[in-house]
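To keep things clear, I will list the structure first and then write my remarks on it.
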Amino acid sequence: MAEFIKFDRITKFYGPLCVVENLDLSIAKGEFVSLLGPSGSGKTTLLMMLAGFEQATSGKILLDGAAINDVPTHKRDMGVVFQSYALFPHMTVGENIAFPLQMRGIDKAETAARVKQALDMVQLSTLADRRPSQLSGGQQQRVALARALVFEPRVVLMDEPLGALDKQLREQMQLDIRELHRRLGLTIVFVTHDQSEALTMSDRVAVFNKGKIEQIGTPRQVYDEPATRFVAEFIGETNLVEGVVEAIEGREATVRLPNGAQIVSAVSDGVAAGQGVYLSIRPERIDLAEARGAARNVLETEVTDSVYQGDHLRVQLQNEAYPLIAKLGRRSREFAPGTKVFAAFSAGDCRVIAP
């Protein structure tokens, strides 16, 4: 897909502090891209520069091939949704949604038609005459979303818009926003620190750390094929075990662990034989049994604890060299502490990561 938004070597300083460093990122028209990272990683600053609320110290921001660094915020044709909703308390729902159209000089008849369409789109058509104080948090967020979409912006920017909602409502809003994106073909740039949120909603995820993008890819790529230790640990949960690469054959590497065990794992480019590496193994990819079995990779371990967590069993394991965590289906057998078990997983279920 052709690039629609382009960040070209963007750097941003606040005084002596560099918060975004020499960053490149391209986003296609109609794409949903999440900027994911911990607090202070630069993701919100990048969004604010795209919106025009902040200026880049150096580098260019392009929209559909044209530089917009010097274009005022109100002329960038972007809808913005914040976590705080930012609704006008003295206006009704309909008046809040109509506001950006009025600021653009749209006549009353077209404004009324667009407001009705926007209300239908977010399933709030019966609440047009209520004030924000009469709405739930989820309803207020839908109003904020409708207001951002009603003037048909070229890009929709969302800065942690679901952070104030409870878990159940947040998960429903994730699905609602994803459905709107697919139905309307919106270009969405979405800032979040919630890994599950990014994986659920996005076409691609850009993982931020200390002002840089550590990895960008599809949700499956950043979860199953983490490029760095930070990505492996930040997205989901993983077991990281140090080892040394003994051999590489095609896309697989043989890694010797501290206790002498050999593991065959998927490997990325840039890893060489003899190199010290981390082996990343997702807990849910590990099977446990008291018999060794025929799996390609098997580690002898002992159960130290087992906790029922509703949809899975979280099992803590230990051997003479390193701890492991396994997540088993809720109908799996529970192993008592002290039980000797074999932890088994395939080569495709673990990943070699360079330090």
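Values computed for the structure shown
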quantity: Which listed residue is in contact (Cβ under 8 Å) with a residue 12 or more places away in the chain, within 23 Å of L184 (Cβ to Cβ), of a type in the set (F, W, Y) and surrounded by fewer than 20 Cβ atoms within 10 Å (Cβ to Cβ), from F82, F88; calculated: F82
quantity: So I248, is it farther than 18 Å from Q221 by Cα and either under 29 Å from the mean Cα position of the chain (by Cα) or of a type in the set (A, V, I, L, M) (or both); calculated: yes
quantity: Selection count where residues are loosely packed, with under 14 Cβ neighbours inside 10 Å and either modelled with pLDDT of 95 or more or among the charged types (D, E, K, R) (or both), scope segment 324-339; calculated: 6
quantity: Residue within segment 14-29 that is in the same structural domain as Q174 (by TED's automatic domain parsing), in a loop (DSSP other than H, G, I, E, B) and either in contact with a Ser or Thr (Cβ under 6 Å, 6 or more places away or on another chain) or surrounded by 13 or more Cβ atoms within 10 Å (Cβ to Cβ) (or both) present; calculated: yes
quantity: Scope segment 106-116; condition part of a helix (DSSP H, G or I) and surrounded by fewer than 14 Cβ atoms within 10 Å (Cβ to Cβ); matching residues; calculated: K108, A109, E110, A113
quantity: Residues located in segment 68-102, provided they are out of contact with any strand residue (DSSP E or B) (no Cβ under 6 Å at 6 or more places or on another chain), of a type in the set (A, V, I, L, M, F, W, C) and within 17 Å of R154 (Cα to Cα); calculated: V71, L101
quantity: Segment 301-317, residues that are surrounded by fewer than 20 Cβ atoms within 10 Å (Cβ to Cβ) and at pLDDT below 95; calculated: V307, Y308, Q309, G310, D311, H312
quantity: Which numbered condition M103 fails, given (1) surrounded by fewer than 18 Cβ atoms within 10 Å (Cβ to Cβ); (2) in contact (Cβ under 8 Å) with a residue 40 or more places away in the chain; calculated: (2)
quantity: Scan of segment 285-341 for residues that are touching a residue at least 24 places away in the same chain (Cβ under 8 Å), on the phi > 0 side of the Ramachandran plot and out of contact with any Ser or Thr (no Cβ under 9 Å at 6 or more places or on another chain), ordered by number; calculated: G293
quantity: Test: residue in segment 98-111 that is farther than 30 Å from A2 by Cβ, touching a Gly at 6+ places or on another chain (Cβ under 9 Å) and among the β-branched types (V, I, T); calculated: no
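The values are calculated or read from the model by the stated rules, or taken from the named source; none is laboratory data. All of these numbers come straight from a predicted model, not from anything done at the bench. Cβ atoms come from the backbone with ideal geometry, glycine included; neighbour counts cover every protein chain shown.
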